[in-house]
Ligand SMILES: NC(=O)c1ccc[n+]([C@@H]2O[C@H](COP(=O)([O-])OP(=O)(O)OC[C@H]3O[C@@H](n4cnc5c(N)ncnc54)[C@H](OP(=O)(O)O)[C@@H]3O)[C@@H](O)[C@H]2O)c1
């Protein structure tokens, strides 16, 4: 998809996903306007409306969020202000300016659901504040004709917290075995795969929601092993253990898609990780 001279406003550009979105936008010739969280704190309605009025974008990619799940639980009011209200402000600006809005949502909207894989026709039941505030934001986006992509993605560098990839890579260098769960299932993609789909969606007429996921699933322990093997590192420090209870999140967090969101294998996604994020 070629962006031509289309001007896109990106929120959350400094995040783990944002760096791949910026790269994808630039590769496709988009003009990018990426206000930081201090230039445009999304919870502040007037900042959002004024910044978008000033920038005159032709589309918005909304990635900004309080993406640290634990912090959302300890500061639920902030999560509500940033993830829910903040997204409503962005949706209001998009509908006012009559421009395309694409939103990064999450598989965590299913945090209270049992029995994955979850497809787009499954009713989400969010439990923890991160999930419920992201779902509220998603509904605001969908209510104004925008498009939400739900995914579980991995990258080494996340602002919000230490990423799973980073946990695996740093733990593998230490003497002690490190636990990786044998009963937490997911269908993640690399951040670059999600970034590409989000950017492609700027030029499509799709509305509603898409699940973007790998076609096979792996347990956390299998993912750790696959990541270490792909980087050529020893796997013997992995200690495969079952997780007895996953508070606020399902053990089975797999996604599937009835709208064409199933992509390659997890192994393919891990290859992208190694190529794009070498040691
Ligand atoms: N990580 C995952 O596995 C995952 C999975 C599915 C969906 N998502 C969603 O994907 C998006 C990006 O996640 P990520 O992992 O890249 O997060 P991240 O690394 O924590 O980055 C969050 C971004 O949002 C910005 N931001 C935070 N609070 C803001 C505010 N009040 N106003 C404006 N901007 C603010 C941050 O700016 P500063 O750097 O200035 O704070 C940063 O650019 C989020 O919407 C998240 O919910 C994440």
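The values are calculated or read from the model by the stated rules, or taken from the named source; none is laboratory data. Predicted model, so just to flag it, every value in this text is computed and none were measured. Note that we place each Cβ from the backbone using ideal geometry, even for glycine, and neighbour counts take in every protein chain shown.
The set of residues in region 40-63 that are out of contact with any helix residue (DSSP H, G or I) (no Cβ under 7 Å at 6 or more places or on another chain) and assigned to a loop (DSSP other than H, G, I, E, B) comprises 44, 56, 57, 58.
Give me the residue from region 178-198 that is in a strand (DSSP E or B) and closer than 19 Å to residue 119 by Cα and, out of that set, farthest from the ligand (Cβ to nearest atom). Out of the qualifying residues, it is 185.
Being assigned to a loop (DSSP other than H, G, I, E, B) and more than 16 Å from the chain's Cα centre (by Cα) is the filter here; which residues of region 258-278 pass it? Scanning region 258-278 gives 258, 259, 260, 264, 265, 277, 278.
If the condition is being farther than 24 Å from residue 200 by Cα and under 20 Å from the mean Cα position of the chain (by Cα), then region 27-39 contributes only 37. Residue pairs whose Cβ atoms lie under 6 Å apart, separated by 6 or more positions or on different chains, with the first residue in region 147-158 and on the phi > 0 side of the Ramachandran plot and near the ligand (Cβ under 8 Å from one of its atoms) and the second part of a loop (DSSP other than H, G, I, E, B) and modelled with pLDDT under 95, do not occur. Using the structure shown, decide if residue 167 is away from the ligand (no atom under 11 Å from the Cβ) and either in contact (Cβ under 8 Å) with a residue 40 or more places away in the chain or within 16 Å of residue 62 (Cα to Cα) (or both). No; evaluated as a whole, the condition is false for this residue.
Scanning region 120-139 for residues that are away from the ligand (no atom under 13 Å from the Cβ) and either under 18 Å from residue 77 (Cα atoms) or in contact (Cβ under 8 Å) with a residue 24 or more places away in the chain (or both) gives 120, 121, 127.
In region 85-118, how many residues are on the phi > 0 side of the Ramachandran plot and either in contact (Cβ under 8 Å) with a residue 12 or more places away in the chain or buried (at least 24 other Cβ atoms within 10 Å of the Cβ) (or both)? Number of matching residues: 1.
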